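Here's the structure, in structure tokens; my notes come after.
The values are calculated or read from the model by the stated rules, or taken from the named source; none is laboratory data. Since the structure is predicted, the reported quantities are computational estimates derived from the model, not experimental observations. Here Cβ is always computed from backbone atoms with ideal geometry, including for glycine, and neighbour counts include all displayed protein chains. Ligands, DNA and RNA are stripped out before the accessible areas are found, and what is left, the full protein with its side chains, is counted by its heavy atoms. Shrake-Rupley method; radii C 1.70, N 1.55, O 1.52, S 1.80 Å.
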Amino acid sequence: MISYEPLFATMQANGISSYRLMKMGFPRSNYYAIKRGENINSHTIDHLCRLLKCDVCDIMHYVEDSEE
């Protein structure tokens, strides 16, 4: 499973709120899709990296699903 927790830590470390991210041109619908853990495409990840001037690992990481 992909976790977007690093994105929220990166935003906080850089003092960027969700409102500011949207003012920078990031679509609100994409932000809320990430917040809900929904699928996003590589263009969205590229856009975030460009806006935040960071690497992909600063936006997401892989978390192994627990076996039930």
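Share of carbon and sulfur in the accessible area of the chain stands at 49%, probe radius 1.4 Å.
Taking every protein chain into account, the accessible area of the chain amounts to 71 square angstrom per residue (probe 1.4 Å). Rounded to the nearest 20 debye, the dipole size of the chain about its Cα centre is 720 debye, using +1 on the Cβ of Lys and Arg and -1 on the Cβ of Asp and Glu. For the chain, the relative contact order works out to 57 percent when only alpha carbon pairs closer than 8 Å and six or more residues apart are counted. Between LYS35 and ASP65, the modelled label-to-label distance comes to 2.6 nm, taking each label 7 Å out from Cα in the direction of the beta carbon.
Site-free segments of the chain were taken between trypsin sites (Lys or Arg not before Pro) in DSSP loops having at most 16 other Cβ atoms within 10 Å, sites themselves excluded; the longest one is 1-35. Stokes-Einstein, applied to the Kirkwood radius of the chain over Cα pairs at a viscosity of 0.692 mPa s and 37 °C, places its translational diffusion at 266 µm² s⁻¹.
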